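Since the structure comes first, as structure tokens, the remarks are kept for the end.
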Amino acid sequence: MIRTHRPNLPVILLCVFLSLTARPDAGAQRPDSPDLSSLNLEQLTHIEVNTASRRDQQLFETPAAVYVVTHEEIERSGATSVPEILRMVPGLQVAQIDANKWAVSARGFNSRFANKMLTMIDGRSIYNPVYSGTLWDHNDLLIEDIDRIEIVRGPGATMWGANAVNAVINIVTKKPRDTDGELVSAQTGNLDHVASFRQGRSWKGSVRSSMFAKYIQHRDLPTWDGTSAKDGGYEERVGTRLDWQHSNRDQFSVQASLFRNPEQQRIDFSYSPSDFTYDKVYGAGGYLMGKWERKLGTSDLALQSYFTEEHRNEIGMKLKMRIADLDFQHHLVTGAKNDVVWGSGFRWTSDRVSGDLTYFAHPDHIVHLFSAFIQDSLALSPGRFILTAGSKLQWNTYTDFELQPRVSLIWTPDAKQALWSAVSRAVRTPSDQDRDVQFEYSLGDVQGLPLSGVISGNPDLRSEAVVAYESGYRRRFGRRVSTDVAAFVNRYSDLQATQTADPYLSMDPAPHIVQTSKYVNGFSADSLGLETSIGWTPVSVVRILGSYTWMQAQLHSHGNVAVQPSGGQDWSTPRNTFDVRVHWLISRGWGVNAVVNGNSTVPSSLPIPITVVPGHTRADLRLARRIGERSQFAIGATNLLRPRHEEFYPEDYTLSSCIPRGIYFGLTWAR
């Protein structure tokens, strides 16, 4: 049974106090105070988003569960990494594993390598096809450079292809025109040390550029007994972007970045808290991306290409991965009723594995991916009913053709409310690891003989698939209150599982017992959930945002075969998750941001000693003072309710750490 963890009453009272102690008359009489009722949910329903349909459209009129985190919300959060920012998004499950690693997913199946969520930066996929998920420590960003984060919960495969099963996250960075001048920021505390620099510049001929450098050090987190987990690390990253507005019709953009991040982790393949080793991890790499956009009256074209190379050394394995991607799309408005988007793409992925341990049966892998998509939005009743239908057809080296369609309908009876429904199909294609892993590790001794575990891939694995049914409702109540509700029912098939065979005695190279496990398509699953968010501005200087998510799921094994979920396939998701944020503009230049969030028990069916993580509630507080137009000083505290807590269980081969109380000071100077 899943236990629901109740919120801490004193913290709820703190939020209520912050909302009530702001004097309504004071806020209304100060013309120099910004009106917070124009921010967040009300504003978000009017802004344009691109991720859901690969064309600009108002969020309010988008037939999908879309949420946008604005730059102002990011700034007020005091976060130093993208996963920290994502804690505020309804329907996302965010848990910190150790000082450098995170588990982030949507609508279940959370894992360090959450393989059913596609993450992008400016439309460039950062989904790692070897690990099957996002390596967040490889994809850090200059926080001040993030313009917004668009999150589409639910399948996004019709637009973005395989692996966009439960969500698509697109991190949109600022254009150089929005980064003129210099910016220096620094933040220090008992958890992280961060230093950043950015410079934006205008050149002749409508050319603008920006460049940045960032250093972040993650200090060691504690274990349950208070000792150091020795899991810290640091990252160095530099990057640049150049935009050229060639004419009113043509625009070119080039981006590039390099990084390296040495870190350390505690590992143990038997998941024993008392039997572990320290492992050094080293990651490095970079990317180069170019994009051309052209406007043609009632249509527009976009051609994007990027090349990525990454290296990662851990657990005795050295991985070198390269990706080359080419993507074309054409957006065409045909008359007053039809809005069509279509395109095609090609991706080449190559990886090579070497090192002290034999991890794959074959050291080299090359995968090709071809795709084409089309989507048409038809106004059945202009301004009222819009029907959207489309599909993506993909061919890949491993599973051949995959069809991923979507149909949606949105009804907007007036300017204050919208009701939408959708049904779609998406797939998660097998990775190199799923098909070709061949890894042997020690499990101790049995009756005086060494016991070894062997994990084997399966070249006959099929793609995992989901058919998702979704509905949502949005409502604006004037400029003070707005709500957004989404419900879903997902039917999964061919989920990956681990099938364990009977142990046997091997005499090579010496007598020992071998326990083999093989990946198979061994599960199906049903899940359903409800995601809600509300924004309320009781007075002009106070803004309250709240969200609550409820979900449940059930896994079904195929036949009577003895299988268990493999990494990333377990539900691994709390049934209840909540987040409450209060922003109070005390006076001109002074602001307080208070956050309370938490979740119920995080379950797991994996065969490890720690099978659940107790629910927890955490509270953060931040006080900021703006200095002039663009500079700011801030002081904050995190995890105020307890000395330490755990957010995720040991997973894959990484042991988890505890999250302690934190305090930090930050200064941002810009001109």
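The values are calculated or read from the model by the stated rules, or taken from the named source; none is laboratory data. Remember, it's a predicted structure, so these values are computed and weren't measured experimentally. So basically every Cβ, Gly included, is an ideal-geometry build from the backbone, and we count neighbours across all protein chains shown.
Out of everything in region 621-671 that is assigned to a loop (DSSP other than H, G, I, E, B) and in contact with a helix residue (DSSP H, G or I) (Cβ under 9 Å, 6 or more places away or on another chain), what residue ends up being surrounded by the most Cβ atoms within 10 Å (Cβ to Cβ)?
Quick first cut of region 621-671, residues assigned to a loop (DSSP other than H, G, I, E, B) only: 628-630, 639-643, 646-650, 652-653, 655-658, 661, 671.
The next check asks that each one be in contact with a helix residue (DSSP H, G or I) (Cβ under 9 Å, 6 or more places away or on another chain); those that pass are 640-641.
Values: 640: 19, 641: 16.
Taking the candidates together, the pick is 640.
Residues of region 592-606 being part of a strand (DSSP E or B) and either touching an Asp or Glu at 6+ places or on another chain (Cβ under 6 Å) or modelled with pLDDT under 90 (or both), which ones?
Initially, region 592-606 is screened for residues part of a strand (DSSP E or B), giving 592-599, 602-603.
The answer is 595, 597, 602, 603.
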*How do the pairs read when you match residues in region 535-549 that are over 12 Å from residue 582 (Cβ atoms) with residues anywhere that are β-branched (Val, Ile, Thr) and surrounded by fewer than 22 Cβ atoms within 10 Å (Cβ to Cβ), using Cβ under 6 Å and keeping only pairs 6 or more apart or on different chains?*
548/532
*Kindly check whether there is at least one residue in region 504-522 that is touching a strand residue (DSSP E or B) at 6+ places or on another chain (Cβ under 7 Å), closer than 17 Å to residue 151 by Cα, part of a strand (DSSP E or B) and among the hydroxyl-bearing types (Ser, Thr, Tyr).*
no
*Would you pick out the residues in region 346-368 that are touching a helix residue (DSSP H, G or I) at 6+ places or on another chain (Cβ under 7 Å) and part of a strand (DSSP E or B)?*
351, 360, 365
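From the list 365, 311, which residue is at negative phi, surrounded by 14 or more Cβ atoms within 10 Å (Cβ to Cβ), under 24 Å from the mean Cα position of the chain (by Cα) and not basic (Lys, Arg)?
Details: 365 fails: under 24 Å from the mean Cα position of the chain (by Cα).
After applying the criteria, what remains is 311.
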_Can you list residue pairs whose Cβ atoms sit under 8 Å apart, with the first residue in region 130-152 being more than 25 Å from residue 162 (Cα to Cα) and the second being assigned to a strand (DSSP E or B) and among the small types (Gly, Ala, Ser)? Count only pairs 6 or more apart in sequence or on different chains._
142/196; 142/239; 143/196; 144/185; 144/196; 145/210
_Pairs needed: first member in region 456-472, under 12 Å from residue 399 (Cβ atoms); second member anywhere, part of a loop (DSSP other than H, G, I, E, B) and not small (Gly, Ala, Ser); C-beta distance under 6 Å; at least 6 residues apart or different chains._
461/430; 463/399; 463/429
*Just one of the numbered conditions (1) over 20 Å from residue 603 (Cα atoms); (2) in contact with a Lys or Arg (Cβ under 6 Å, 6 or more places away or on another chain) is not true of residue 106; which one?*
(1)
*Within region 370-387, is there a residue that is on the phi > 0 side of the Ramachandran plot, touching a residue at least 24 places away in the same chain (Cβ under 8 Å) and in contact with a strand residue (DSSP E or B) (Cβ under 8 Å, 6 or more places away or on another chain)?*
yes
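Name the residue that is surrounded by the most Cβ atoms within 10 Å (Cβ to Cβ), counting only residues in region 318-350 that are among the aromatic types (Phe, Trp, Tyr) and under 30 Å from residue 364 (Cβ atoms).
Initial filter on region 318-350 (among the aromatic types (Phe, Trp, Tyr)): 328, 342, 346, 348.
So of that shortlist, the ones also under 30 Å from residue 364 (Cβ atoms) come out as 328, 346, 348.
Working: 328: 16, 346: 14, 348: 14.
By that ranking, first place goes to 328.
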_Among the residues in region 468-490, are any under 27 Å from the mean Cα position of the chain (by Cα), surrounded by fewer than 17 Cβ atoms within 10 Å (Cβ to Cβ) and over 23 Å from residue 421 (Cα atoms)?_
no
_Matching residues, region 459-503, being at pLDDT 90 or above, of a type in the set (D, E, K, R) and not in a strand (DSSP E or B)_ = 460, 462
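Checking the structure you have, find out if any residue of region 607-626 is modelled with pLDDT under 80 and closer than 24 Å to residue 530 by Cα.
As a first pass, look at region 607-626 and keep what is modelled with pLDDT under 80: 607-612.
Filter once more, so that each one left must be closer than 24 Å to residue 530 by Cα: 612.
Scanning region 607-626 turns up at least one residue that is modelled with pLDDT under 80 and closer than 24 Å to residue 530 by Cα.
So, restricting to helices (runs of 4 or more DSSP H) that lie completely within region 24-106, which ones have at least 1 residues that are modelled with pLDDT of 90 or more?
Details: elements: 24-29, 40-44, 71-77, 82-86.
The qualifying helices (runs of 4 or more DSSP H) are 71-77, 82-86.
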_Please determine whether any residue of region 440-458 is over 30 Å from residue 276 (Cβ atoms), at pLDDT 90 or above and not hydroxyl-bearing (Ser, Thr, Tyr)._
no
